[in-house]
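Working notes, beginning with the structure itself.
Each reported figure results from applying straightforward, stated rules to the coordinates on display, with no laboratory input. Just so we're clear, the structure is a prediction, and the values are computed from it rather than from any experiment. All Cβ positions, even for glycine, are placed from backbone atoms using ideal geometry, and neighbour counts span all protein chains on display.
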Amino acid sequence: MAQTLDILFIGDVVADAGMKALRQYLPDLKDRYKPDGIIINGENITGGKGLTETEAKELFGMGANVITTGNHIWENWKARPLLASNKFVLRPHNYPRENPGSGIALATLPNGAQIGVVQVQGRTYMQAIDCPFKTADEVLERLEKETNMIIVDFHADATGEKIAMGWHLDGRVSAVLGTHTHVQTADARVLPQGTAYISDVGMTGAFDSVLGMKTDIALKRFILQTAHKYEAATDDLHISGACVRIDVLRGNALAIESFMYPSLSSRASSEI
Ligand SMILES: [Fe+2]
Ligand SMILES: [Fe+2]
């Protein structure tokens, strides 16, 4: 088996635009990174909230080995049977155990390598669920017996809580990758004990939007301070994510590279 393993992690796929972005650009990213495994966060696919069996099937067809989700998975009842029946579709593990699904997967990749994928969710500005730090400790105790290559999707809002989790798990997992805020952070690094870290990998979908939703509706909600139903945006498609290189023998990360594909333009169109 190869000495290193490259895992492609794709951030929150939002609505039809997110699926379209994957159909259009994932082949280019596969060419660029030649990943051994793919993990996709799919909490926002069905109109912005949740994931159906058909959508999950398409993601697995595109090469996803594991799909993670997040707080929005519970807002779509259709996602619950999927969580209950497919062990490669995860939800944050620290929700009450009576909810369907789990936040732990052991996946065998096409090259035969086994990776562990764990999802936990933060509590700062989010639901008051069980402690994500202690939950991660409990889960790792079990999972470490199976594999030394473990990727954690930390679905959280506050950057401080995310960075704290990075330090908490440094040297114990291959990567702690943040999801949920939909805005990629510029802090991808390998921590001193060998854990790849980024506060948020960002979103996949329409960037002519506010976090994937139509701008005019988001503006009404902020300015008028009343309820206006969100609609998913459709234009300016990008994939956000990160690729992590893992040392197979030791399970530590050798590198992490965040990406936005295609890149966002930092110049006015008249200047290009
Ligand atoms: Fe999200
Ligand atoms: Fe979320």
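Data table
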{"read-out": "Once the Cα gyration tensor of segment 193-272 is diagonalised, semi-axes √(5λ) in Å", "value": "34, 18, 10"}
{"read-out": "With eigenvalues of the C-alpha gyration tensor scaled by 5 and rooted, the chain, Å", "value": "27, 22, 18"}
{"read-out": "For segment 4-257, size of Cβ-based charge dipole, Lys and Arg +1, Asp and Glu -1, in debye", "value": "320 debye"}
{"read-out": "Rh (Kirkwood; distinct C-alpha pairs) - segment 18-88, Å", "value": "12.5 Å"}
{"read-out": "Unit charges at the beta carbon, dipole of the chain: most positive-side option, S240, H180, W74", "value": "W74"}
{"read-out": "For segment 221-272 versus segment 26-58, the gap between their alpha-carbon centres in whole angstrom", "value": "14 Å"}
{"read-out": "Potential extension, R189-H228 segment - 0.36 nm per residue separation minus Cα distance", "value": "10.1 nm"}
{"read-out": "Label point distance in nm, T147-D216, each placed 7 Å from Cα along Cα→Cβ", "value": "4.6 nm"}
{"read-out": "Cβ-based charge dipole, the chain, positive-most Cα from I7, S85, P110", "value": "S85"}
{"read-out": "Computed helical MRE - 222 nm, the chain, DSSP H runs ≥ 4 contributing -39500 (n - 2.57), nearest 500", "value": "-7500 deg cm²/dmol"}
{"read-out": "Of all DSSP beta bridges in segment 4-257, antiparallel share, percent nearest 5", "value": "45 percent"}
{"read-out": "Inter-probe distance in nm under a simple model that places probes 7 Å from Cα toward Cβ, at F133 and T4", "value": "3.3 nm"}
{"read-out": "Among N99, G61, M165 the positive-end extreme of the charge dipole of the chain (Cβ point charges)", "value": "N99"}
{"read-out": "Listed pairs K49/K145; K78/K145; K49/K220; K87/K229; K30/K220; K57/K145 exceeding 28 Å between Cα atoms", "value": "K49/K145; K78/K145; K87/K229; K30/K220; K57/K145"}
{"read-out": "Global form of segment 1-151, assessed from the alpha-carbon gyration tensor, a/c cut-off 1.5", "value": "oblate"}
